[in-house]
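A.B. asks: I'd like to ask some things about the structure below.
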Amino acid sequence: MGPITISKQLNPAMPQDFYAVVKEGRVPAHDVLLTNPPYSGDHVEQLLQFCRSNGKPFLLLMPNYFCVKDFYQDALGGIKGAKQVLYLCPRKRYFYWTPKGLRQRGKVQTQHSGAG
């Protein structure tokens, strides 16, 4: 096995809609997908569908509650596809946090505020 090279293929200075890039067939050549996706809207469902169809290894940092969402198994190709995914979970609860100053006070998500 050789050295691992990490390269950002999509320029963060020029934000692009990932799903538009996928739809247009402009996904850069890659060996693995590593992301911490947004949890809002249908981002997770679309991302899981992409991961299933992409045929490459993927690592997604996501809360475990997505495993019980209605779309989850279907997005991974049914129960057989979902069972082929390797799930890694920390021994202790993992707390997500936003660095100070990056989230407006009124924009705290309920699962982060102690209410959920």
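A.B. asks: Amide H to amide H under 5 Å from Leu33: which residues, 5+ apart in sequence or cross-chain, H placed 1.01 Å off N in plane?
C.D. replies: So Leu33 has HN proximity to Phe58, Leu59.
A.B. asks: Just check segment 13-71 against the gyration tensor rule for me: Cα atoms, a ≥ b ≥ c as the square roots of the eigenvalues, rounded for a/c under 1.5, and otherwise prolate or oblate depending on whether a/b exceeds b/c.
C.D. replies: prolate
A.B. asks: Now, a different point. Would you mind counting up the charge near Gln49? Only other residues with Cβ under 11 Å from its Cβ, with Lys and Arg at +1 and Asp and Glu at -1.
C.D. replies: Surrounding charge for Gln49 is -2.
A.B. asks: If you don't mind, another one. Taking θ = phi - 60°, what integer Hz values does the Karplus form 6.51 cos²θ - 1.76 cosθ + 1.60 yield along segment 88-93, in sequence order, with x for Gly and Pro?
C.D. replies: 10, 10, x, 5, 10, 4
Taken together, the values in this text are just the output of simple stated rules run on the coordinates, not laboratory data. The structure displayed is predicted, hence computed values, not measured ones. Methodologically, a virtual Cβ is constructed for each residue, glycine included, from the backbone with ideal geometry; neighbour enumeration extends over all protein chains shown.
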